[in-house]
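The values are calculated or read from the model by the stated rules, or taken from the named source; none is laboratory data. This structure is a prediction, so every number in the text was calculated from the model and none was measured. Cβ atoms come from the backbone with ideal geometry, glycine included; neighbour counts cover every protein chain shown. For the accessible areas, the whole protein counts, side chains as well, though only heavy atoms, and no ligand, DNA or RNA atoms are used. Shrake-Rupley method; radii C 1.70, N 1.55, O 1.52, S 1.80 Å.
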Amino acid sequence: MASNMNMDLVNVRLPVEDEGHLFRLSIREGIWTQIQKQEANAAHSNAVSLEQWNPQLGTGQSSVSFIDLEGKILLPGFVDAHMHLDKSFSLTSVENRSGTLEEAVRNYSSASPSFTKNEIKSRIMRSALQALSFGTTHIRTHLDFNLRSSREVALRTIEAALEAKEALAPYISLQLFPMCPYNFMSLDVDAVEEALKMGVDGIGGAPHLSLTPKEDIDYIFKLAEKYDVPIDLHCDETDNPAMRTIDHITLRTKSEGYSGRVTVDHLCALASMTDQDAHGIIERMADARLKAVSLPAANLYLQGRHDSFPVRRGVTRLKEIWEAGIPIAVASDNIHDPFHPFGRGDLLQIALIGSYAAHMGRPDDLRTLLRMITDVPAKVLGLTSYEVKAGNMANFVILDGSTPEELFTMLPERRWVYSQGSFVRMAAKKTEWQDKALAHFWQEVSENVSFHNHEFAKG
Ligand SMILES: [Zn+2]
């Protein structure tokens, strides 16, 4: 028994760690115990493939399952550093005809008082489980906090999210960040403290939407310090290059000694500025040790809506921020809601969109993008013991592909997801050709045409 908790995996590829070797990995009681390089593609007669393995039966008499990954890629569980689980799947009740951020904010805020706690909780759970099915094991979600409507409406979302977090805790971990409403000093600020006392994980907001952004930012820092929680702000999500709330956030981060505990998201204004202005800001962000998140899908959708051609596309300077040494993740943002009508909670899809948006398609770029959905967002969330390393909890996704090139080209549907001590999703069987001649052609050409291209990848 316990075949899920005790496993040896052979012929594993770990592209982020070392592409030159295959690995043998051991898990005991859900913890990584051994990470060993293999000499070559070793034959293991008593190992079974993932397809053959039955987690209920294990492999034979042994209490340790022995599984041959046949060269498939294993990544630590994806970390989605920025979602809005409470809003997901609300598009049927909240439209956005102009496709602008302004209309999305306006329409969502007039609709939100009508959402029941149960409805919000269901949406959170549905989208979190969907993300888990694609390999995400950790999520930071921002939460609507509609204090302008009423204290009850604002706290309803917090209650729903806390309940969903608890229900999902054995499978996926959620961090909850309520978004302080803009101009919120004119409101019942005590409700924000109430949310913090209820046990949310940090504090968020979107000060660039405020008429009093500096005052908002100062107050958010004051609350964060009082409750000793990290800060994660939507920052300058606009095409207006003069919008610079980032300057005040950077300043406060340093003056309050909050370096390493502040994350800034979107940063679209940086994409509209001159190089000279942007480079100065990026330098100061690095100096304040800010962490960052880009939301390429949502920003391609929402930004540039007021432009006539040439139309700006809004995605921040992903590569320049990364090269400045700032940990920057790519994340999902919204799923099927007025802010973003698409998305499925699959970070590999988001990394691909990031690759298009930021012109990051070289072999080394693809490897960087894989880090932007794994160890980099883990750093953003402050996760410790995350990597595939002896002593750490084993949370991972196995993908049906053997190189990063194959992952980005095929976005494999077939994934095996292991979270908190067991496989939570096994992949369906491979699609089979019904026609025998086609099956034969496919087999033959697949052997000649493959994604293995390590020499090219190193260049
Ligand atoms: Zn967002």
Filter result for Y182 (assigned to a loop (DSSP other than H, G, I, E, B), surrounded by fewer than 22 Cβ atoms within 10 Å (Cβ to Cβ) and within 16 Å of the ligand (Cβ to nearest atom)): yes
Total residues in the stretch 314-329, condition in contact with a Leu (Cβ under 7 Å, 6 or more places away or on another chain) and either farther than 13 Å from D239 by Cβ or modelled with pLDDT under 95 (or both): 3
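Just give me the residues in the stretch 245-257 being in contact with a Lys or Arg (Cβ under 7 Å, 6 or more places away or on another chain) and within 18 Å of G325 (Cα to Cα), in sequence order.
First, pick out the residues of the stretch 245-257 that are in contact with a Lys or Arg (Cβ under 7 Å, 6 or more places away or on another chain): 248, 250.
Correct list: T250 only.
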Residues of the stretch 201-228 that turn out to be open to solvent by less than 50 Å² (accessible area, probe 1.4 Å), among the hydrophobic types (A, V, I, L, M, F, W, C) and away from the ligand (no atom under 16 Å from the Cβ), as a count: 4
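Given the structure, is T374 assigned by TED's automatic domain parsing to the domain that holds F177 and either in contact (Cβ under 8 Å) with a residue 40 or more places away in the chain or among the hydroxyl-bearing types (S, T, Y) (or both)? Working first, answer last.
On the way: assigned by TED's automatic domain parsing to the domain that holds F177: yes; either in contact (Cβ under 8 Å) with a residue 40 or more places away in the chain or among the hydroxyl-bearing types (S, T, Y) (or both): yes.
Spelling it out, T374 is indeed assigned by TED's automatic domain parsing to the domain that holds F177 and either in contact (Cβ under 8 Å) with a residue 40 or more places away in the chain or among the hydroxyl-bearing types (S, T, Y) (or both).
From A191, A167, grab the single residue that is more than 30 Å from T100 (Cβ to Cβ) and either outside any helix (DSSP H, G or I) or small (G, A, S) (or both). Outline the logic, then answer.
On the way: A191 fails: more than 30 Å from T100 (Cβ to Cβ).
Going through A191, A167 in turn, just one is more than 30 Å from T100 (Cβ to Cβ) and either outside any helix (DSSP H, G or I) or small (G, A, S) (or both): A167.
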Failed item in (1) out of contact with any strand residue (DSSP E or B) (no Cβ under 8 Å at 6 or more places or on another chain); (2) touching a residue at least 12 places away in the same chain (Cβ under 8 Å); (3) of a type outside the set (V, I, T); (4) surrounded by fewer than 19 Cβ atoms within 10 Å (Cβ to Cβ), with E39 passing the rest: (2)
